[in-house]
Every structure is written in structure tokens, then in C-alpha cells.
1. Being part of a strand (DSSP E or B) and more than 14 Å from the chain's Cα centre (by Cα) is the filter here; which residues of the stretch 40-54 pass it?
2. I want to confirm something. Restricting to the stretch 31-47 and keeping residues that are under 22 Å from Ala88 (Cβ atoms) and touching a His at 6+ places or on another chain (Cβ under 9 Å), which single residue is surrounded by the most Cβ atoms within 10 Å (Cβ to Cβ)?
3. Do you know which of the residues in the stretch 1-34 that are in contact with a helix residue (DSSP H, G or I) (Cβ under 7 Å, 6 or more places away or on another chain) and of a type in the set (D, E, K, R) is farthest from Leu145 (Cα to Cα)?
4. Could you look through the stretch 119-163, keep only residues that are of a type in the set (Val, Ile, Thr) and modelled with pLDDT of 85 or more, and pick out the one that is surrounded by the fewest Cβ atoms within 10 Å (Cβ to Cβ)?
5. If you go through the stretch 72-107 one residue at a time, how many are surrounded by 16 or more Cβ atoms within 10 Å (Cβ to Cβ) and either assigned to a strand (DSSP E or B) or in contact with a helix residue (DSSP H, G or I) (Cβ under 9 Å, 6 or more places away or on another chain) (or both)?
6. Go through the stretch 35-71 residue by residue and tally those that are in contact with a helix residue (DSSP H, G or I) (Cβ under 7 Å, 6 or more places away or on another chain), farther than 16 Å from Asp137 by Cα and free of Cβ contacts under 8 Å to residues at least 60 places away in the same chain.
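The values are calculated or read from the model by the stated rules, or taken from the named source; none is laboratory data. The shown structure was predicted, so the numbers you read here are calculated from the model rather than taken from an experiment. Positions of Cβ are backbone-derived with ideal geometry, glycine not excepted, and every protein chain shown enters the neighbour counts.
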Amino acid sequence: MNHHDLMEDFARTLPVMGPLAGLDFGEKTIGVAISDRLRGVATPVLTIRRAKFTVDAEALLKLLTTREVVGIILGLPRNMDGSEGPRAQATRAFARNLSRLTPLPIGFWDERLSTVAAERALIEADTSRKRRKELIDHVAASYILQGALDRLAHISRGAALGG
């Protein structure tokens, strides 16, 4: 199994360098963000409009291969009380299916506030409502990925310090 709930476990599966992808998996779309090789900054890339799993996975894996991605962060939509409902279960099912098609490690990131933060950032940037709807998924994916990148940096600093 190559998917991980704990960032520490996910971190151990990664090469030292190489970009990570952040995914915001929704009912109709998959928002995609990709980091730089040093994993400092998450950049929103695009939103894939979902069709069926095989088509979605093919488009996604083609992009990840082109960008030389070495790991995937998948936003896990927990309920505000931390429990997992149908959306989280659908996300885990997507991860299971995706892991059959790629050896890339998949880490789950609690995404409870990422869409809210993305929406707020777009409103502050005075983005029109129509444009916000187009951007929200991959901007949310960049919030998911940035949160995970910050956590991974913290983990690797701790490891470097021997703790």
C-alpha cells in the first residue's frame, strides 16, 4: 500500500528532491497544484473536469509524469469534528484506485480549511464570481499542497536536528 495518513510515513517514502503534486478531489473536478523541485512553494496548475476514473487518472498521471512529480498529496475532506463522511470515503477510494496505476506515494492532508482559505484569497484579489468558480479547485489544491510542504519541511528539519 502506498498511501499514508501520517506525513512522517509519507516523508520517508520520498526522494530528497523532486516536485510534489497536491490534489483537491471533488465530485465534478480535480484541482491540481505542483511544487517546485525543492518543495518550497505550491503553484496552482489546472483543474481536471472529471469524466470517469480511467480517463481522469490517465490525464492526471500524464501531467504528473511530464512534471516529474515524485509524490502526491491528496486533500482529505474531513467533517469539522474530524470524522470522515462520504466525501472522505470517496477520496480514499480514489487514492486506492490511483495507487494501482502508479508507484508514486500518496499522502493524505486534512483539507478542512483549504477551500475556505482559497475562496477568501480570491475574493481579496477581487476575482469575479465566474472566474472564482473556474479557479477555486486548483487554488484549493495549492493550499492543500502548501500546508503539506510546510509540514514536510518541519519534519525534515526535525530529522536533521536528530529529533
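1. The first filter runs over the stretch 40-54 and keeps only residues part of a strand (DSSP E or B), leaving 42-49.
Across the stretch 40-54, the qualifying residue is only Arg49.
2. The initial filter retains those residues of the stretch 31-47 that are under 22 Å from Ala88 (Cβ atoms), namely 31-33, 42, 47.
With touching a His at 6+ places or on another chain (Cβ under 9 Å) added as a condition, the list becomes 31-33, 47.
Details: Gly31: 29, Val32: 26, Ala33: 27, Thr47: 21.
Only one residue tops the list, namely Gly31.
3. Per the criteria, the residue is Glu8.
4. Of all residues in the stretch 119-163, those of a type in the set (Val, Ile, Thr) come to 123, 127, 136, 139, 144, 155.
Going one step further and asking which of them are modelled with pLDDT of 85 or more, we end up with 144, 155.
Numbers: Ile144: 30, Ile155: 16.
Residue satisfying both the conditions and the ranking: Ile155.
5. 14
6. 2
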